1. Calculate the spin-label point distance for V123 paired with H37, positioning each point 7 Å from the Cα along the beta-carbon direction, and give it in nanometres.
2. If you plug each phi of the range 9-21 into the Karplus form 6.51 cos²θ - 1.76 cosθ + 1.60 with θ = phi - 60°, what whole-Hz ³J(HN,Hα) values come out, in order, with x for Gly and Pro?
3. Which residue, D97, D42, D106, tops the fluctuation ranking in a GNM of the chain built on C-alpha contacts under 10 Å?
4. Just R74, R83, R45 to compare: in a GNM of the chain, with alpha carbon springs under 10 Å, which one fluctuates most?
5. Label-point separation (nm) for S92 and T29, each offset 7 Å from Cα along Cα-to-Cβ?
6. Residue by residue, what Karplus-based ³J(HN,Hα) values in Hz, rounded to whole numbers, does the range 47-54 have, using 6.51, -1.76 and 1.60 with θ = phi - 60° and x for Gly and Pro?
7. Most mobile of V17, V63, V109 per a Gaussian network model of the chain (Cα springs, under 10 Å)?
8. Starting at the first residue of the range 72-89, write each ³J(HN,Hα) from the Karplus equation 6.51 cos²θ - 1.76 cosθ + 1.60 with θ = phi - 60°, in whole Hz, x for Gly and Pro.
Amino acid sequence: MRIGELATRAGVSVRSVRYYEEQSLLTSTRSSSGQRHYTQDDVERVAFVQRLYAAGLSSRTIVELLPCVDAPSRENSDSALERMAQERERLSAHIDDLLRTRDTLDVLVATARAHREQVAHSVAG
């Protein structure tokens, strides 16, 4: 199948498919005229890559995980599990940072509301 059909079947843009190839997440065969050709397996691979992106993984991290899919072995599986655990820790730390930021903003909002009330009472009084 050609790039447009792959994109349609996988529910992504043609631009995304090209990006996946640039990032070594997907490969195609080329016709003599240079047109990309894909298989049904590539539709499934794009869907898999999409799930990994949805989990917050970068293309660089996804490339590190693909040997587990392309060449299944205990070593590749262990490596993929370790990498995913590292990414989970990174996401958890980011969530903690966001929670602290939100808490700081909550304090600022409360301070601003209190100040607004003081101003309202000063003007009214």
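1. 7.4 nm
2. Here the 3J(HN,Hα) series is 4, 8, x, 10, 7, 4, 4, 4, 4, 4, 4, 4, 5 Hz.
3. For the chain, modelled as a Gaussian network with Cα springs under 10 Å, the answer is D106.
4. Among R74, R83, R45, the largest GNM mean-square fluctuation belongs to R74.
5. Computed distance between label sites S92 and T29 equals 4.5 nm.
6. The phi angles translate into 4, 5, 4, 4, 5, 5, 4, 5 Hz.
7. Top of the fluctuation ranking is V109.
8. With the stated coefficients, the range 72-89 comes to x, 7, 4, 4, 5, 5, 4, 5, 5, 4, 5, 5, 5, 4, 4, 5, 5, 4 Hz.
Here, each number is a calculation from the coordinates, and none is a lab measurement. If you're wondering where the values come from, they're calculated on a predicted model, not measured in any experiment. We place every Cβ from the backbone using ideal geometry, glycine too, and count neighbours over all the protein chains shown.
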